[in-house]
Amino acid sequence: MKIIVGLGNPTDKYAGTRHNMGFGVIEELAERHAIRVNTNRHKGLCGSGIIAGEKVILAKPLTYMNNSGECVRPLADFYKVDVEDVVIIYDDISLDVGQIRVRGKGSAGGHNGMKSIIQHLGSSDFPRVRVGVGEKPVHMDLADYVLGRFSKEELPLVRESLKTAADAVEGLIRDGVDKTMNQYNRKKTSSDAEV
């Protein structure tokens with residue numbers, strides 16, 4: 001069993017913001033696999049189903065970003081999964097819009113939602129899919145930036161990255177971390193752009 005958690009902030013106020021890319025990927029996975037993410041459990045909206053032949057729980061924490069660990073830890077405990085079977089999806093300002101990165105473990109990288117999860121799980125040895133939202137402009141406050149919305153020009157890239165990130169999650173479940181990293185972490189080349 002895998003627990004797949006997409007990070008974001010609840011309520012319509014934050015829908016579509018840069019900080020809610022994790023929620024967007026969960027919604028993409030839910031739609032693809034006919035999983036209803038509508039059960040309020042362990043401070044999150046959850047749904048269960050099958051992806052790549054494996055039982056999964058899809059979850060969107062309702063705790064607000066900075067307290068995401070308050071949802072993730074109880075889910076992991078309730079379903080008795082190892083930390084390596086928890087997959088976290090979140091926004092990353094160090095990646096351009098449209099880029100994703102898969103990692104098997106690592107630091108929080110300054111992301112408050114990840115800090116909370118690492119603190120609550122007592123480990124950073126869990127896979128994650130980072131979805132690029134672009135670098136913060138120099139003159140802008142970080143919170144204002146990540147709680148802001150994408151430009152009209154960025155939206156096609158955003159939609160594509162949500163699909164690619166969902167593909168990567170399916171890869172993690174089906175093929176494991178190493179193979180999925182090899183597939184999704186390569187640099188885009190000019191020939192990729194032409195496809």
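Being assigned to a helix (DSSP H, G or I) and either basic (K, R) or surrounded by fewer than 21 Cβ atoms within 10 Å (Cβ to Cβ) (or both) is the requirement here; does R101 meet it? No: the conditions fail for R101. Test Y90 against the criterion of being modelled with pLDDT of 95 or more, of a type in the set (F, W, Y) and over 16 Å from F23 (Cα atoms), and give yes or no. It is false that Y90 is modelled with pLDDT of 95 or more, of a type in the set (F, W, Y) and over 16 Å from F23 (Cα atoms). Per this entry, D85 is not counted among residues that are acidic (D, E), in contact (Cβ under 8 Å) with a residue 40 or more places away in the chain and open to solvent by less than 10 Å² (accessible area, probe 1.4 Å).
Residue by residue, here is whether (1) open to solvent by 10 Å² or more (accessible area, probe 1.4 Å); (2) touching a Leu at 6+ places or on another chain (Cβ under 9 Å); (3) at pLDDT below 95 holds:
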position: I117; (1), (2), (3): no, yes, no
position: F126; (1), (2), (3): no, no, no
position: V129; (1), (2), (3): no, yes, no
position: L142; (1), (2), (3): yes, no, yes
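Cβ-Cβ distances below 7 Å connect the following pairs, each with a first residue in segment 100-116 that is in contact (Cβ under 8 Å) with a residue 40 or more places away in the chain, a second residue that is among the polar types (S, T, N, Q) and surrounded by fewer than 15 Cβ atoms within 10 Å (Cβ to Cβ), and a separation of six or more residues or different chains: R101/N185; V102/N185; N112/N66; G113/N66; S116/N66. Just a yes or no: is a residue in segment 56-64 touching a residue at least 12 places away in the same chain (Cβ under 8 Å), open to solvent by 80 Å² or more (accessible area, probe 1.4 Å) and within 17 Å of the chain's Cα centre (by Cα)? Yes, that holds for at least one residue.
Answer yes or no as to whether D77 is acidic (D, E), open to solvent by 20 Å² or more (accessible area, probe 1.4 Å), without any contact (Cβ under 8 Å) to a residue 12 or more places away in the chain and not in a strand (DSSP E or B). Reasoning before the result, please.
Working: acidic (D, E): yes; open to solvent by 20 Å² or more (accessible area, probe 1.4 Å): yes; without any contact (Cβ under 8 Å) to a residue 12 or more places away in the chain: yes; not in a strand (DSSP E or B): yes.
Against the criterion (acidic (D, E), open to solvent by 20 Å² or more (accessible area, probe 1.4 Å), without any contact (Cβ under 8 Å) to a residue 12 or more places away in the chain and not in a strand (DSSP E or B)), D77 qualifies.
Of all residues in segment 42-55, those being under 22 Å from A166 (Cβ atoms) and open to solvent by 10 Å² or more (accessible area, probe 1.4 Å) number 8.
Scanning segment 4-23 turns up no residue that is over 21 Å from G148 (Cα atoms) and either of a type in the set (S, T, Y) or free of Cβ contacts under 8 Å to residues at least 12 places away in the same chain (or both).
The values are calculated or read from the model by the stated rules, or taken from the named source; none is laboratory data. All values reported here derive from a predicted model rather than from experimental measurement. Cβ: placed from backbone, ideal geometry, glycine included. Neighbour counts: every protein chain shown. We work out accessible area using only protein heavy atoms, side chains counted, and drop any ligands, DNA or RNA first. Shrake-Rupley method; radii C 1.70, N 1.55, O 1.52, S 1.80 Å.
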